[in-house]
Amino acid sequence: MSPAIRVTPQRELAARRRRRPSRCWGHLIAAPLWPLHGANLGTLLRTCDAVGACLAVPPFRWVDEALARGNTLRRPSCVHRVGDPTGWLGRERRAGARVLGVELADEAIRLADLPAARGRTIVVLGHEATGIPPESLDLLDAVVEIPMIGTGTSLNVAVAGSLVLYRLSGML
């Protein structure tokens, strides 16, 4: 007979987690800079909170509304507004951040082979239909591929971003 499974109470879980600092976490940043669907942004925001990452999004009114709807935690999260994605990625890279794209490419690193982030890392997520624009591809230090055996060619932005963030955080 196997031992009974003990579900951890919410109070115990909260005590184990690190306290949120009053400023940007900054180590990991998910960057869906060309979003198509607001629902994906809310889901990705929740993952960012779970792994201690920030979210970088364009400053569109519909993006802010989607984030407000999708923030089921009902407390402020670390969100950066980026008006010029290519310029921002270039500045971040020059400042020493590692810029990773989630994209299908010949030289891509398989998700299972991706090491945990050791410094500031930006995870660039492209448009759901067209991917990362060509002018931003040149700013990537590496590309991450999520292998698939089904008939689809890609996952949606929230799922792809969540998988990569968990891997980079060292929690997987």
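The values are calculated or read from the model by the stated rules, or taken from the named source; none is laboratory data. Keep in mind it's a predicted model, so treat the numbers as computed, not measured. A quick note on method: Cβ atoms are made from the backbone with ideal geometry, for glycine too, and the neighbour counts reach across all protein chains shown.
Of all residues being within 17 Å of the chain's Cα centre (by Cα) and aliphatic (A, V, I, L, M) in region 138-149, which is farthest from R94 (Cα to Cα)? Just the residue, please.
Ranking the qualifying residues of region 138-149, first place goes to I146.
On the basis of being over 23 Å from N156 (Cα atoms) and either part of a loop (DSSP other than H, G, I, E, B) or among the β-branched types (V, I, T) (or both), does A4 make the cut?
yes
Taking region 39-92, which residues are closer than 24 Å to R167 by Cα and in contact with an Asp or Glu (Cβ under 7 Å, 6 or more places away or on another chain)?
L73, S77
Can you tell me which condition L104 does not meet? The list is (1) modelled with pLDDT of 95 or more; (2) farther than 22 Å from D64 by Cβ; (3) surrounded by fewer than 18 Cβ atoms within 10 Å (Cβ to Cβ), and all the others hold.
With (1) modelled with pLDDT of 95 or more; (2) farther than 22 Å from D64 by Cβ; (3) surrounded by fewer than 18 Cβ atoms within 10 Å (Cβ to Cβ) applied to L104, the lone miss is (1).
Restricted to region 109-130, and to residues that are assigned to a strand (DSSP E or B) and within 15 Å of the chain's Cα centre (by Cα), which residue is surrounded by the most Cβ atoms within 10 Å (Cβ to Cβ)?
Filtering first and then ranking leaves V124.
Those residues that are modelled with pLDDT of 90 or more and exposed (fewer than 12 other Cβ atoms within 10 Å of the Cβ), I need them from region 62-79; list them, please.
Passing the criteria: only W62.
Hey, can you tell me all the residues within region 132-154 that are surrounded by 12 or more Cβ atoms within 10 Å (Cβ to Cβ) and at pLDDT 90 or above?
Within region 132-154, I132, P133, S136, L137, L139, L140, D141, A142, V143, V144, E145, I146 meet the criteria.
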